[in-house]
1. May I ask you to list the residues in the stretch 94-107 that are at pLDDT below 95 and assigned to a loop (DSSP other than H, G, I, E, B)?
2. What are the pairs with Cβ atoms under 6 angstrom where one residue, in the stretch 53-67, is within 11 Å of Val15 (Cα to Cα) and the other, located anywhere, is in a helix (DSSP H, G or I) and of a type outside the set (Asp, Glu)? Sequence gap at least six, or different chains.
3. Take Gly110 and tell me if it is under 30 Å from Trp171 (Cβ atoms) and either touching a strand residue (DSSP E or B) at 6+ places or on another chain (Cβ under 7 Å) or modelled with pLDDT of 95 or more (or both).
4. Check the stretch 65-82 and report whether any residue there is on the phi < 0 side of the Ramachandran plot, in a helix (DSSP H, G or I) and at pLDDT below 95.
5. So in the stretch 27-49, with the set limited to residues that are closer than 21 Å to Trp173 by Cβ and of a type in the set (A, V, I, L, M), which one is surrounded by the fewest Cβ atoms within 10 Å (Cβ to Cβ)?
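The values are calculated or read from the model by the stated rules, or taken from the named source; none is laboratory data. For clarity, every value in this text was computed on a predicted model and none was experimentally measured. In this analysis, Cβ positions are derived from the backbone assuming ideal geometry, glycine residues included, and neighbour counts consider all displayed protein chains.
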Amino acid sequence: MLNTWQEWVGTETGVVVGAVLGIPVAVLVMLLLALYRRSQGTARPWRNSFAEVGLFYGTLPWVWIIMLPGETPGVTGELSLVPFADVLDLLAHGDTGQIVGNMLVFAALGFFGPLRFAGLRSVWRVLAFAAACSAFLEIAQFVLRLDRVSSVDDVLLNAAGAALASLVSWWWWRPQHAPVEERHLAAV
C-alpha cells in the first residue's frame, strides 16, 4: 500500500494525474467559497474565489513536482549559477519542454495573483515576487539535498512565465481611469 501511495504522490505522473482528477474538487471549492462570500455580502465573491482557487490549484502541482527528490535523495544536486547556460544547453538539444515547463511553474500566480491582490497589480511586482518564490524553491532544493539541479535559469524562466501570464490577464485587472469629465471635476 505504501508503494502505491508513493507512486501517486511521489512521481511527476502521479502529481499530474492527481491534478487532473482534482479539477471537480477545485470547481466545487470555488463555487462553495463564492456562494459563502456572496451570502456574507463580500465584494467580488466570484472573481476573488475564482482567483484564489486558480492561484492555488494552478501553482501547487508544479511546486510539488519541482520539490520531488531526484534519483538519489539525500545527495546534494548540481548548482548552476551561470545565467542562460542551462537554457542554451536545452535549446541546443531541442528540449523546449523543460523551458516551457519552467515557465508554467508560476504562471497561475502571474495570471490570478493580480486579480486577487492589489499589491500584485503590476507586471514588475509579479516578476519580482515570482523570482523571489522561485529562488526560495531553488535554494530549498539544494539545502534539502533533493538531488536536483538548482539553477538560476529556473528562477529566470519561472519569473518570466509569471510576468507573461500577468500580461495575459492584464485586461482584467488593469487600472481603471475615470473619464476626463470626472477627473476634471475631482480636481476642482
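1. Gly94, Asp95
2. Pro61/Val15; Pro61/Ala19; Trp64/Val15; Ile65/Val15
3. It is true that Gly110 is under 30 Å from Trp171 (Cβ atoms) and either touching a strand residue (DSSP E or B) at 6+ places or on another chain (Cβ under 7 Å) or modelled with pLDDT of 95 or more (or both).
4. Yes, the stretch 65-82 has at least one match.
5. Selected residue: Ala43.
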